[in-house]
Amino acid sequence: MKEKNILKTINIFFLFLSFFLNAQNHLWTINDIRQNEEELIRSLKKYEKKLSKDQLKKEFLMLFRERLAFHESIVDGIIKENDDKKDWINWINRITSLRYIYDLSASALAKNNIPQKNFNTVLERVTSQAVTHLYARGVKAVNDTSASNHLSVAYRTLSVVQQLHPGYKDTDELLAGLKLYANKTAYLEPLEMGNKGNFFHVKIGSSSSFDDHIRNKIEEVVNLKAIGLKIENVSTLKNDYDISIEWTRIDYNNGHHFKNTYERTGTVRNNTVKATVVYETQRINLTSSFEVVIKDKLSRRTINSQIFNNTESIDYITASYTGDSAALTHADNEVINNSRFNTIHQFKGDYLYSFYDQHLNPKIAEFIIGTLGW
């Protein structure tokens, strides 16, 4: 019973992951497929290390058959659809996954007298059909002015055609023309600071504010990567969207405190010098919540919103010494000098910028692009 429950959980996980990837409406990369087949890969590696273990063989073959059945069941459903409604991208992804599974398992399958299958021919055939139908679907979307998002649909569809068959008909020209209509704009509102906890106001240098830093970072990434959207720093009636950003929570709390003492010895003019260095490490825990809300400029309707929650632990390290400074190492001197000027207050403020840049900005930019971009 326990084994069945575990397998059921695994199947649900794979089902969710597969449909999640499909929801992205893109051709899977090898990394996407590896992630999707992670459990099978682990099982195969265990089996290949101990081929004589019947239990490992049983577990691998069971997962192998389950993954085949899962992908094949989705393919069967797609085949039943009319060509103009087929999910061609999903079909190609499933065939590619089946080919990967057989290639991955080739050695283990041979040891168990399970015949290998070649999916190259069927993949070529389906890809050729997909190019034809997706091209027609993309061209139709270009001219379908009844749908407000018809140009973005056309762009996404024809981009897949270009991936599958570079230079197919006039795909390049159509995509270049569509980019000219990618003129939606969004105003990124000033940063709001909500329940700041024990957060304090900080600045970069003497002039650039925290608000400027964050808005510039978002604008930089979105305007570089997004198709169909441009972030503007001035609000006008011509803007299509308003994006509000609020750092609703920033809490710093002290964690464990560590102290380590080191004895240093050096030689100066044939004389032995000594120093005692004390390193103190204060563990600081940061809890953060950052909310992004995207609204239609005209109707004020919320199009999408998301709260980004993060927790992080960092170490604030200081050092002091007694004795002769000539005995100190270069690393000692660096930490000691930094301790004189970099107070814990300044340290926390500086860290917020690197924390935002590394942990929040990529996710926020991706969220905005995914919501409003083509």
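The values are calculated or read from the model by the stated rules, or taken from the named source; none is laboratory data. What you see is a predicted model, and the numbers here were worked out from it, not measured in a lab. Cβ atoms come from the backbone with ideal geometry, glycine included; neighbour counts cover every protein chain shown. Just the protein is used for accessible areas: all its heavy atoms, side chains included, with ligands, DNA and RNA removed. Shrake-Rupley method; radii C 1.70, N 1.55, O 1.52, S 1.80 Å.
Taken as a whole, the condition of being touching a Ser or Thr at 6+ places or on another chain (Cβ under 7 Å), under 26 Å from R137 (Cα atoms), in a helix (DSSP H, G or I) and not small (G, A, S) does not apply to I79. Only one of the numbered conditions (1) open to solvent by 40 Å² or more (accessible area, probe 1.4 Å); (2) without any contact (Cβ under 8 Å) to a residue 24 or more places away in the chain is not met by S107, and that is (2).
Evaluation of F341 against the conditions (1) open to solvent by less than 90 Å² (accessible area, probe 1.4 Å); (2) at pLDDT below 95 shows that the sole unmet condition is (1).
T311 meets the conditions (1) touching a residue at least 24 places away in the same chain (Cβ under 8 Å); (2) surrounded by 15 or more Cβ atoms within 10 Å (Cβ to Cβ); (3) not charged (D, E, K, R) in every case but one. The failed one is (2). Condition check for I41 on (1) among the β-branched types (V, I, T); (2) open to solvent by 50 Å² or more (accessible area, probe 1.4 Å); (3) farther than 28 Å from P166 by Cα: one failure, at (2).
Give the residue that is most open to solvent (accessible area, probe 1.4 Å), with candidates limited to residues of region 219-254 that are of a type in the set (S, T, Y) and closer than 17 Å to F355 by Cα.
First, pick out the residues of region 219-254 that are of a type in the set (S, T, Y): 235-236, 241, 244, 248, 252.
Now drop any that are not closer than 17 Å to F355 by Cα, which leaves 248, 252.
Details: T248: 36, Y252: 5 Å².
Here the residue is T248.
Out of curiosity, is A147 touching a helix residue (DSSP H, G or I) at 6+ places or on another chain (Cβ under 6 Å) and either touching a residue at least 24 places away in the same chain (Cβ under 8 Å) or outside any helix (DSSP H, G or I) (or both)? Considered against the rule, which asks whether it is touching a helix residue (DSSP H, G or I) at 6+ places or on another chain (Cβ under 6 Å) and either touching a residue at least 24 places away in the same chain (Cβ under 8 Å) or outside any helix (DSSP H, G or I) (or both), A147 comes out as no. When every residue of region 186-198 is checked against the conditions, at least one turns out to be at pLDDT below 85, within 29 Å of the chain's Cα centre (by Cα), open to solvent by 60 Å² or more (accessible area, probe 1.4 Å) and farther than 30 Å from T322 by Cα.
Count of region 270-303 residues, restricted to those that are more than 23 Å from E334 (Cα to Cα), part of a strand (DSSP E or B) and open to solvent by 40 Å² or more (accessible area, probe 1.4 Å), is 6.
A count restricted to region 231-244 and to residues that are in a strand (DSSP E or B) and modelled with pLDDT of 90 or more stands at 5. Every test in (1) under 30 Å from T329 (Cβ atoms); (2) touching a residue at least 12 places away in the same chain (Cβ under 8 Å) is passed by T267 save one, and that test is (2).
Only residues that are open to solvent by 40 Å² or more (accessible area, probe 1.4 Å) and either touching a helix residue (DSSP H, G or I) at 6+ places or on another chain (Cβ under 7 Å) or part of a helix (DSSP H, G or I) (or both): list them for region 82-99, please.
Here is the first cut: in region 82-99, the residues open to solvent by 40 Å² or more (accessible area, probe 1.4 Å) are 82-85, 87, 99.
Result: D83, D84, K85, D87, R99.
Condition check ((1) in contact (Cβ under 8 Å) with a residue 12 or more places away in the chain; (2) hydroxyl-bearing (S, T, Y); (3) open to solvent by 40 Å² or more (accessible area, probe 1.4 Å)) across all residues:
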site	(1), (2), (3)
D103	no, no, yes
Q116	yes, no, yes
T127	yes, yes, no
Y135	yes, yes, no
S152	yes, yes, no
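All conditions in (1) open to solvent by 70 Å² or more (accessible area, probe 1.4 Å); (2) over 28 Å from the mean Cα position of the chain (by Cα) hold for M62, with the sole exception of (1).
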